[in-house]
Amino acid sequence: MIDNENKKLALLVDADNAQASVFAKLLAEVTKFGICSVKRAYGDWTTTHLKSWKDILHKHAIQPVQQFSYTIGKNSSDSSLIIDAMDLLHEGHLDGFCLVTSDSDFTRLATRIREDGLVVYGFGEKKTPEAFIAACDKFVYTENLGVEKQTKGDEKKVSKDNELKCIISEAINAISGDDGWAPLSGIGGYITKNIPEFDSRNFGYEKLGKLVKALPYIETNNKKDSSSHVHIYVREKTV
């Protein structure tokens with residue numbers, strides 16, 4: 001299994017449906033998943049509405065792919081991005097794709113890539129349709145990028161969030177041992193597989209570990225493995 005540090009990724013940006021202002025933070029997020037071997041941004045670069053992207057392209061060595069808008073109201077860059085993605089997929093040199101868009105038109109592309117066994121990371125705004133989010137292995141809301149610290153009142157808020165409680169409880173029950181303890185890493189993996197858009201930053205916490213420690217119905221324990229590496233385990237508190 002290839003670890004995240006060595007994963008070769010293609011970063012494909014639908015510039016018409018992505019914000020240049022968050023792109024530096026987005027690239028920092030992508031490094032958690034692997035290395036961008038390919039970086040391309042698609043759009044009609046002759047128009048003024050993509051002007052904010054031009055400095056970003058140069059600064060981060062992103063290849064702009066020109067696609068003229070032949071019809072008003074139609075996004076021609078979608079087709080160009082999809083064609084390039086399929087070409088890259090068939091070349092067989094990549095481990096995954098990062099698709100930056102809030103457009104549901106890329107739903108089938110995401111599922112097709114996953115059918116070939118490659119991982120798909122999606123990045124988009126909270127307005128992104130559920131179909132595209134569900135088609136990705138992991139989806140990151142761009143509004144969460146750069147959120148590093150919890151805000152006042154978050155601990156009280158998350159403690160009363162019934163939906164969050166159900167998500168955490170289900171994950172613990174699914175992977176815990178007979179003693180009720182479950183590894184935090186396994187919980188994170190289980191949740192992501194079932195809810196690609198789940199992110200501890202939605203609740204004001206940068207890391208899942210910090211989030212679960214703020215939950216009054218969860219207890220945590222640090223355990224060392226045979227290599228003396230410390231792992232966090234969690235379980236639900238008994239009444």
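Looking at the stretch 219-239, which of its residues are surrounded by 10 or more Cβ atoms within 10 Å (Cβ to Cβ) and part of a strand (DSSP E or B)?
Of the residues in the stretch 219-239, the ones surrounded by 10 or more Cβ atoms within 10 Å (Cβ to Cβ) are 219-221, 223, 231-237.
Listed by number, the residues that qualify are Glu219, Thr220, Asn221, Lys223, His231, Ile232, Tyr233, Val234, Arg235, Glu236.
Is there a residue being surrounded by 18 or more Cβ atoms within 10 Å (Cβ to Cβ) and part of a loop (DSSP other than H, G, I, E, B) anywhere in the stretch 159-171?
no
What tally of residues in the stretch 82-102 results from selecting those that are more than 16 Å from Leu26 (Cβ to Cβ) and within 19 Å of the chain's Cα centre (by Cα)? Reasoning before the result, please.
Just the residues of the stretch 82-102 that are more than 16 Å from Leu26 (Cβ to Cβ), to begin with: 82-95.
Those still in the list that are within 19 Å of the chain's Cα centre (by Cα) too: 85, 94-95.
Number of matching residues: 3.
Scan the stretch 23-48 for residues that are assigned to a helix (DSSP H, G or I) and either out of contact with any strand residue (DSSP E or B) (no Cβ under 9 Å at 6 or more places or on another chain) or among the aromatic types (Phe, Trp, Tyr) (or both) and report the count.
Restricting attention to the stretch 23-48, the residues satisfying the condition of being assigned to a helix (DSSP H, G or I) are 23-30, 48.
Among the residues that remain, those that are also either out of contact with any strand residue (DSSP E or B) (no Cβ under 9 Å at 6 or more places or on another chain) or among the aromatic types (Phe, Trp, Tyr) (or both) are: 23-25, 28, 48.
The number of residues fulfilling the criteria is 5.
Yes/no per residue for (1) at pLDDT below 90; (2) closer than 19 Å to Ile195 by Cα; (3) surrounded by 14 or more Cβ atoms within 10 Å (Cβ to Cβ); (4) not polar (S, T, N, Q):
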| position | (1), (2), (3), (4) |
| --- | --- |
| Ser69 | yes, no, yes, no |
| Gly73 | yes, no, no, yes |
| Leu89 | no, no, yes, yes |
| Val100 | no, yes, yes, yes |
| Ala110 | no, yes, yes, yes |
| Ile113 | no, yes, yes, yes |
| Glu125 | no, yes, yes, yes |
| Glu143 | no, yes, yes, yes |
| Thr151 | yes, no, no, no |
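Any idea which of Asn17, Asn4 is within 24 Å of the chain's Cα centre (by Cα), of a type in the set (S, T, N, Q), at pLDDT below 90 and farther than 21 Å from Gly117 by Cα? Give the derivation first.
Working: Asn4 fails: farther than 21 Å from Gly117 by Cα.
The conditions single out Asn17.
Please find, within the stretch 177-213, the residue that is modelled with the lowest pLDDT out of those that are under 15 Å from the mean Cα position of the chain (by Cα), farther than 19 Å from Ala134 by Cα and not in a helix (DSSP H, G or I).
Glu206
Answer yes or no as to whether Pro216 is in contact with a Cys (Cβ under 6 Å, 6 or more places away or on another chain) and either part of a loop (DSSP other than H, G, I, E, B) or modelled with pLDDT of 95 or more (or both).
Details: in contact with a Cys (Cβ under 6 Å, 6 or more places away or on another chain): no; either part of a loop (DSSP other than H, G, I, E, B) or modelled with pLDDT of 95 or more (or both): yes.
Judged against the criteria, Pro216 is not a match.
From the list Leu81, Leu94, which one is under 26 Å from Asn6 (Cβ atoms), modelled with pLDDT under 95 and not in a strand (DSSP E or B)?
Numbers: Leu94 fails: modelled with pLDDT under 95.
Residue meeting the stated conditions: Leu81.
Just one of Ala171, Ala135 is in the same structural domain as Ser102 (by TED's automatic domain parsing) and in contact (Cβ under 8 Å) with a residue 12 or more places away in the chain; which is it? Even if it seems obvious, please write down each step before you answer.
Details: Ala171 fails: in the same structural domain as Ser102 (by TED's automatic domain parsing).
Exactly one of Ala171, Ala135 is in the same structural domain as Ser102 (by TED's automatic domain parsing) and in contact (Cβ under 8 Å) with a residue 12 or more places away in the chain, namely Ala135.
The values are calculated or read from the model by the stated rules, or taken from the named source; none is laboratory data. What you see is a predicted model, and the numbers here were worked out from it, not measured in a lab. Because the Cβ atoms are built from the backbone with ideal geometry, glycine has one as well, and the counts that use them run over all protein chains shown.
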